[in-house]
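Every number here is computed from the coordinates shown, using simple stated rules; none is lab data. Since the structure is predicted, the reported quantities are computational estimates derived from the model, not experimental observations. Cβ coordinates were reconstructed from backbone atoms using ideal geometry, including for glycine residues, and neighbour counts include every protein chain displayed.
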Amino acid sequence: MPRIIKLKRGLNINLKGKPEKKITELPLTETYALKPTDYKFITPKVQAKLGERVKAGDVLFYDKYKPEIVFTSPVSGEIVNIRRGERRRILEYIVKADEQIDYKLFPTGNASSLTREEIIDNLIKSGLWAAIIQRPYGIIADPNQAPKAVHISTFDSAPLAPDYQFIFKDDLEDFQLGVDIMAKISNAKIFLNLDGTITDNIFANVKNVEFSSFIGKHPIGNVGVQIHHLTPIMKGETVWTVSVQDIVFIGRLFRTGKYDLTRLIALAGSEVKNPHYYRVIAGTNVYDIIKQQVTNKNIRIISGNVLTGTKIDKKGYLGRYDNMITVIPEGNYYEFMAWAGLGLKKFSTSWTFLSWLFPKKEWVLDTNLHGGVRPFVITGRMDKVLPMDIMPEYLLKAILANDIDRMESLGIYEIIEEDFALCEFVCVSKIEIQDIVRQGIAAMIKEMS
Amino acid sequence: MGLRHFLDKLKRKVEPGSSLHFLYATLEALDTFLYVPNKVTTKGAHIRDAVDLKRVMTAVVIALMPPLLFGIWNIGYEHFHILGMQTNLWQNFGYGLIKFLPIVIVSYLAGGLVEVIFAQINKEEVSEGYLVTGLLIPMIIPVDTPLWMVALAAIFATIFGKEVFGGTGYNIFNPALLARAFLFFSYPRWMSGDKVWIAGLPDGISGATPLGQLSQATTVEQLNAIHAHFSVADMFFGFIPGSIGETSTLAILIGAAFLIYTGVGSWKTMLAAFIGGGFMGWLLNIFATPTNPYMAVPFWEHWLLGGFAFGMVYMLTDPVSSAHTELGKWIYGFLAGLMAILIRVLNPAYPEGVMLAILLMNMFAPLIDYLVVNGHIKRRMKHAQLLNGMNLKI
């Protein structure tokens, strides 16, 4: 019997625009992009130059401080633009795709036919090593440091998130292959964390893993929360996390030899006419997807979910790890005396609004901050949305004070930005909490190096 | 959207560089008061909870309404009552309003001005904290306090209670209470005794509060005489002299219910304070002697008397100066209640101890939290080791 872990704290934000279980197959879009900004705390160095032709799986750039970690092109074609931002930091590597993708071929095999070194070498060279994220810090794992455990969350509890039972139902063979590969290279237990509310879970028959079931509200699907309740990370320890999608990519690489990032993503949100699923390749330009679906102009397009995603342009690109595109209204309007009033039409966790009377309502929420930025006031509201044995406000204060010892003892090793996304949502002072967490992680990395 | 248009036009006039720039913070405050700004998220959580600090502060102001309205009425009631006149509700309320309005206007203007000046200097937005402080100050002083004193106290509280620490969110003491303490120690004649609690008190008549009288009692007979004069119902409903907002325990409880319902005030702190106060009162009851009849005042009566209920509901729970940890709130509240009654009964100088007890606990709140957080860290480490041991064994 798998252990069942029930957690009370958290918050489900019931938004309008949930994806319908329907798939649109799109032809290849014109351009694809790989965004170094999707990978935390790396410093990209150019390998492939502007105008060069690449195959899918060819290296575009690598990390200056860990040159063995390379980042490869999701499609074949010509590099048409390397967009840079402030201080010439690379923002986007844009590849104009061929009509037919030409894949670079990597060795195939399975966990028993290949040695650990061969597997690691294959993952690194193909660029799929970037799929393995290490805790603490949520950065790309260090191939030389073995983890004490590997965690895979098999569900996404974020608002409007895709249903993994639907999008991975045909990928289970690759998934098993990927799991076995991970077990071989990590030499550690693989924890497969299930949504405890689902019967007939498609992941329930996976072998070579240890199951745990989780029941609760978002962020229950965050792998960080799950790790916290199974194998908490102490100083000096590492845990690896891989998304279900990336396990499938890994399995696919070893089955076909191709770096093939074809995946199902959800297009969701209140401003989408017909929210449903699309089959695309990671890094796709989103314009082809949204042009038919979105007519309103004053909108926010987000690569990822509404709590942790990245704002993109309507001609922007899907992020490497993102499993959805969300479209919601912009909130750039003034509202007369909005702090008064009964608040029947305002979604809030605070009972100063009467909107709690409608627990079943599907909300249309926009990007308005609903107030000005104010000094950090400890209200205890953050505790209620963080299902971890961590005092969020004290940890944040320790980060602001740059107190390394205190951050350590208050649990900085166990969290990354996404775990504090709801804290940011509920913050009355409208502070960018995820940014503070990122600062804290940056300080820790600096301290430890 | 005529008003919106007008505000936008005004805002352009106070932009940096213009000669009217010194009015920027004022206009910004007015603007955000009238309109929730059009600011949007840029990253991270793209959607946000509708609640902001202004909404929270507004909730406190609403919670203050029952004791405030009762207090205004009571100003009139006590005034006409002592003159032996029969008046109706509106006469009482009208008289109270005439007395109270100048005080609250002076309080808001004086303190608000300091807030705006500091916001302008620090290039920050005016914080909403003063919305509550500015109303609390008039409610915890006697009705006869001269207006210049109100202004002085409001300015003192804002500068030394808040801004010197870095503004809202960083203060150690509750600013409104600091204003009262300032007045109390600077002008004790105006803050205690038997002359200040009733507006227009004729010469030669004592207008002492029940608490003031009880603290003076030297025999059990005197104690009983006071009880004969002020019934328990009077104390509970608030038909007694006292600081403007503090007299009606019932009105305060209604406000407390609203604070608890909205989650703005911590029920843990309030409950712990009442338990702490009751516990101390009960201890004193046990050790009461005929020579010190004040100690024999029933413990539950302390809840109804003086500023206990008001202080514990509205001032102790201030989210900035209170303890923040959940366990800490129990300890902090309990000790505050305990100290309030201890100081009230056993010190010979002043009849009330709530103000000093809360300020004292404000000072200890960070220490309480520090200890609670350290306990949390130790427990967390142990628990983590236990979990790892259990789940990682092959």
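Would you please name the trypsin sites (Lys or Arg not before Pro) within the range A:169-201 that are DSSP coil residues with at most 12 other C-beta atoms within 10 Å of their C-beta?
A:Lys169
Going through the range B:283-361, which chymotrypsin sites (Phe, Trp or Tyr not before Pro) have at most 11 other Cβ atoms within 10 Å and a DSSP loop state?
Sparse-neighbourhood loop chymotrypsin sites (Phe, Trp or Tyr not before Pro): B:Phe287.
Give me the distance in nm between label points sitting 7 Å out from Cα along the Cα-to-Cβ direction at B:Leu109 and B:Asn88, one decimal.
3.3
Summing -39500 (n - 2.57) over the DSSP H runs of n ≥ 4 in chain B and dividing by its residue number, what mean residue ellipticity at 222 nm do you reach, to the nearest 500 deg cm²/dmol?
After summing the helix terms and dividing by residue count, I get -21000 deg cm²/dmol.
What are the residues whose amide H is under 5 Å from the amide H of A:Ile215, where those residues sit 5 or more places off or on another chain and H is modelled from the backbone?
Amide H neighbours of A:Ile215, under 5 Å, 5+ apart: A:Ile5, A:Lys6, A:Leu7, A:Gly196.
Which of rounded, prolate or oblate describes chain B when judged by the alpha-carbon gyration tensor and an a/c cut-off of 1.5?
oblate
What residue among A:Ile265, A:Ile404, A:Ile94 has the largest mean-square fluctuation in a Gaussian network model of chain A, using Cα springs under 10 Å?
For chain A, modelled as a Gaussian network with Cα springs under 10 Å, the answer is A:Ile404.
Mind checking the dipole of chain A: about its Cα centre, +1 per Lys or Arg Cβ, -1 per Asp or Glu Cβ, Debye to the nearest 20?
780
Once every DSSP H run of n ≥ 4 in chain A is given -39500 (n - 2.57) and the sum is divided by its residues, what mean residue ellipticity at 222 nm do you get, rounded to the nearest 500 deg cm²/dmol?
It comes out at -6000 deg cm²/dmol, rounded to the nearest 500.
May I ask which of A:Lys345/B:Lys329; A:Lys125/B:Lys393; A:Lys346/A:Lys384 have a Cα-Cα span longer than 23 Å here?
Where the Cα-Cα span goes over 23 Å, the pairs concerned are A:Lys345/B:Lys329; A:Lys125/B:Lys393.
So what are the ³J(HN,Hα) numbers for the range B:294-306, from phi and the Karplus equation (6.51, -1.76, 1.60; θ = phi - 60°), rounded to whole Hz, Gly and Pro as x?
Values, residue by residue: 4, 5, 8, 4, x, 4, 6, 5, 4, 5, 8, 8, x Hz.
For the range B:370-389, list residues with backbone N below 20 Å from a point placed 7 Å from the Cα of A:Ala146 toward its Cβ?
B:388-389
For the cross-link pairs A:Lys96/A:Lys184; A:Lys66/A:Lys104; A:Lys314/A:Lys446, which exceed 27 Å when the distance is taken from alpha carbon to alpha carbon?
A:Lys96/A:Lys184; A:Lys314/A:Lys446
At a threshold of 8 angstrom on Cα-Cα distance, excluding pairs fewer than six apart, so keeping six or more, what relative contact order does chain B reach in percent?
15
Starting at the first residue of the range A:398-414, write each ³J(HN,Hα) from the Karplus equation 6.51 cos²θ - 1.76 cosθ + 1.60 with θ = phi - 60°, in whole Hz, x for Gly and Pro.
Values, residue by residue: 5, 5, 4, 7, 6, 9, 4, 4, 5, 4, 4, 6, 8, x, 4, 5, 9 Hz.
Across the range B:271-288, in residue order, what do the Karplus-derived ³J(HN,Hα) couplings come to in whole Hz, using 6.51 cos²θ - 1.76 cosθ + 1.60 with θ = phi - 60° and x for Gly and Pro?
4, 4, 5, 5, 5, x, x, x, 4, 5, x, 5, 4, 5, 4, 4, 9, 5
First check a/c for the range B:14-71, with a ≥ b ≥ c the square roots of the eigenvalues of its C-alpha gyration tensor; if it is under 1.5, answer rounded, and if not, answer prolate when a/b is larger than b/c or oblate otherwise.
oblate
Can you tell which of B:Thr168, B:Thr209, B:Thr218 shows the greatest fluctuation in a Gaussian network model of chain B with Cα springs below 10 Å?
Looking only at B:Thr168, B:Thr209, B:Thr218, the largest GNM fluctuation is found for B:Thr218.
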